[in-house]
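Note sheet for the following structure.
The values are calculated or read from the model by the stated rules, or taken from the named source; none is laboratory data. Worth saying up front: this structure is predicted, and the values here are computed from it rather than measured. We place every Cβ from the backbone using ideal geometry, glycine too, and count neighbours over all the protein chains shown. Remember, those area values only see protein heavy atoms, side chains included, never the ligands or the DNA or RNA. Shrake-Rupley method; radii C 1.70, N 1.55, O 1.52, S 1.80 Å.
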Amino acid sequence: MNVELRRQVINVYKELLEMGKHYPLGYEYYRNRLHKAFMSQANLRDEEKIREGIKRAEFVKKEIEALYFLKKYRAIKQRYA
């Protein structure tokens with residue numbers, strides 16, 4: 001695997017792992033699921049498939065951010081309603 005692709009994969013993994021600290025079901029649950037998801041794709045050698053995986057991970061990251069913002073919005077709305 002290309003060194004640059006490897007660096008991108010590691011960075012996405014670290015970012016997702018950091019986001020898991022606030023996951024509602026707990027950090028251990030989140031970490032185990034994330035690790036399992038990345039390890040299921042560890043055998044990829046085709047650079048195009050790796051890039052697709054990185055794009056999918058970025059999409060998941062945006063979805064998790066959206067869930068966190070929604071949770072925060074609902075909490076604020078409930079306090080002031």
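Sorted by accessible area (1.4 Å probe), largest first, how do His35, His22 line up?
Sorted by accessible area, descending: His22, His35.
Grab the DSSP H runs of the chain that are 4 residues or longer, score each as -39,500 (n - 2.57), total them, divide by all residues and round the 222 nm result to the nearest 500 deg cm²/dmol.
Estimated from H runs of four or more residues: -28000 deg cm²/dmol.
Provide the FRET efficiency to the nearest 0.05 for the Lys55-Glu28 pair, computing r from the beta carbons and using R0 = 25 Å.
0.35
What residue among Leu44, Gln8, Ala57 has its Cα farthest toward the positive end of the dipole of region 3-80, where the charges are +1 on Lys, Arg and -1 on Asp, Glu, each on the Cβ?
Most positive-ward Cα: Ala57.
How many percent of Cα pairs in region 3-80 exceed 21 Å?
35
Using alpha-carbon pairs under 8 Å, 6+ residues apart, how would you state the relative contact order of the chain in percent? Let's see the in-between values first.
On the way: 24 pairs, mean separation 29.5, N = 81.
The value is 36 percent.
Where the accessible area of the chain is counted over protein heavy atoms with a 1.4 Å probe, how much of it, in %, is carbon and sulfur?
Carbon plus sulfur share of accessible area: 55 percent.
Could you sort Ile10, Ile54 by accessible area so the largest value comes first, with the probe set to 1.4 Å?
Sorted descending by solvent-accessible area, the residues read Ile10, Ile54.
Determine how large the accessible area of Leu70 is when every protein chain is in place; take a 1.4 Å probe and give Å² rounded to the nearest 10.
Counting only protein heavy atoms, Leu70 exposes about 70 Å² to solvent.
So, in nm, how far is label Tyr13 from label Lys72 when the simple model puts each one 7 Å beyond its Cα toward the Cβ?
Once both label points are built, they end up 2.8 nm from each other.
Considering only protein heavy atoms, with the full assembly of protein chains and a 1.4 angstrom probe, order Val3, Val9, Val60 by accessible area, largest first.
Ranked from most to least accessible, the order is Val3, Val60, Val9.
Please report, in cubic angstrom per residue, the volume enclosed by the convex hull of the alpha-carbon atoms of region 23-63.
Once divided by residue count, the hull of region 23-63 is 54 Å³.
Rounded to the nearest whole Å², what accessible area per residue is found for the chain with the 1.4 Å probe?
Value returned for the chain: 83 Å² of accessible area per residue.
For the chain, with only Lys/Arg (+1) and Asp/Glu (-1) charged at the beta-carbon, what is the dipole magnitude about the Cα centre, in debye rounded to 20? Numbers along the way, then the final one.
Working: 19 positive and 11 negative charges, 91 e Å.
Dipole of the chain, to the nearest 20 debye: 440 debye.
For region 7-64, which trypsin sites (Lys or Arg not before Pro) pass both filters: DSSP loop (anything but H, G, I, E, B) and at most 10 other C-beta atoms within 10 Å? Write out the running numbers ahead of the final one.
Numbers: sites: Arg7, Lys14, Lys21, Arg31, Arg33, Lys36, Arg45, Lys49, Arg51, Lys55, Arg56, Lys61, Lys62; in loops: Arg45.
Those that pass, being in a loop and sparsely packed, are Arg45.
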